[in-house]
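Read-outs throughout are calculated quantities, based only on the coordinates presented, and are distinct from any laboratory measurement. As the structure is a computational prediction, the values presented were derived from the model and not from experiment. Here the Cβ positions follow ideal geometry from the backbone for every residue, glycine too, while neighbour counts run over all protein chains shown.
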Amino acid sequence: MDAAPSPAQPSWKRSIHRALLGAGERSKEEARLVVCLRCTALLLWLIFAGGLLLALALPHVLDYHQPLGHLIMYGDGGQTDAALLSVLYVVWPVFLWRAAESPSHHAGVILGAIFGNLGHAFVMTVVCLRGLSHYHYWFHLLTDIPLVYSLAAAVAVYWARYARSNGAEGGPLRVLFWRGVPGDLDLRTPAPGVSLRFALRSFCLATAGYFAVEFAVGVFQPDLFTFKHQPGRALMFADGEHPDAGMSAAVFLVLAFVGWWASGQERIDSLHVRMLAASVWAQAAVMTLLALQHGRLFRLGTDIPVALLLGAGLLFVAAQAKRQGLDAERRGSP
């Protein structure tokens, strides 16, 4: 059964149908997955674009001692953490929307959305359970935490059903990690100096190594993120409590994990590579603004340029692999 708009539907319904599903025909399972992916992407983008705007342009609104800030922030000084998390959720939905055009070609992007949301929700849950004496933590347990878990679960369910309809076999976890159609970039193609697999794994290791520290401190010893302690002076942009600092770190750890998983196959899709690079670049851009706002100028010479170089290096090697693959096709090479 194909999902296609009926001519009898009102024009506004046909317009929404085309916006969500595109002009082509899709199977029922694919249509449901595409609608789920695009509704998830749109909802997350709208929520976090507003959060990013507030955190960067109107940080006083999110001050922990103001009504709105006290309700949605996890601690004093959390505006900077909110900006760093929000920018990821501004970048991700763009790629998730694109991935919905052909889900079977973009397994890495979809798995990143599933487990990234789970990582984010897990850290929120830990923070709230640790501070149940604060009434606003109960607000999170009843609102955004179940929302994020629900979005991750919905995408996982529809992705697994779609994978099974395309021949995926095995248990739930095996089906969830269905690799789909091989991507357009050959991980084995030797670009100048290094292969794309080496560049991708180096990117994942560097990302995981940096954010593992931030995640561990943020989840298990958040008090160390005040300016009284060296981790706080080195990693935070503003003094105060940062119980939610581990949220963006958890998302990046998931990105690194899914990227490493994708590096184990022979090919990867270029959209996944661009998403990885765009995520670190977006993070670096917001870190630059925060460093200028809060006078943490030493960050302009430490982790910010490293993030920019990581993203640029990954894209450069991917572009070389793409070019060499096209040259091989022109020459008729296998």
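For the stretch 75-134, a Kirkwood radius taken over Cα pairs fed into Stokes-Einstein (25 °C, viscosity 0.890 mPa s) yields D = 184 µm²/s. The distance linking the stretch 178-217 with the stretch 23-83 is 27 Å (Cα centroid to Cα centroid, whole angstrom). For the Cα trace of the stretch 65-213, dividing Rg by the Kirkwood Rh returns an Rg/Rh value of 1.04.
Each of Lys28, Lys228, Lys322 was scored by other Cβ atoms within 10 Å of its Cβ. Listed from fewest to most, they are Lys228, Lys28, Lys322. The HN-Hα couplings worked out from phi for the stretch 254-266 by the Karplus form 6.51 cos²θ - 1.76 cosθ + 1.60 (θ = phi - 60°) are 5, 4, 5, 4, 5, x, 5, 4, 5, 6, x, 9, 7 Hz, whole numbers, x standing for Gly and Pro. Once the Cα atoms are used to define both axes, helix 303-330 deviates from the longest principal axis of the chain by about 0 degrees.
For the chain, the longest principal axis of the C-alpha atoms and the axis of helix 28-57 are separated by about 30°.
Please state the relative contact order of the chain as a whole percent: Cα pairs under 8 Å, 6+ residues apart?
Over the chain, the number comes to 20 percent.
Computed over the chain with a Gaussian network model linking Cα atoms closer than 10 Å, the most mobile of Pro243, Pro231, Pro93 is Pro231. Of Gly209, Gly170, Gly246, which has the largest mean-square fluctuation in a 10 Å C-alpha GNM of the chain? Of Gly209, Gly170, Gly246, the most mobile in the Gaussian network model is Gly170. Amide hydrogen proximity for Arg26: with H placed 1.01 Å from N in the peptide plane, the residues at 5 or more positions away or on another chain lying under 5 Å are Ala3. Using only the alpha-carbon atoms, how far is helix 11-21 inclined from the longest principal axis of the chain? Give it as 0 to 90 degrees, nearest 10. It is inclined by approximately 90 degrees. Could you calculate the FRET efficiency of Ala153 with Leu46 from 1/(1 + (r/R0)^6), where r is the beta carbon distance between them and R0 is 22 Å, rounded to 0.05? Result of the calculation: an efficiency of 0.65.
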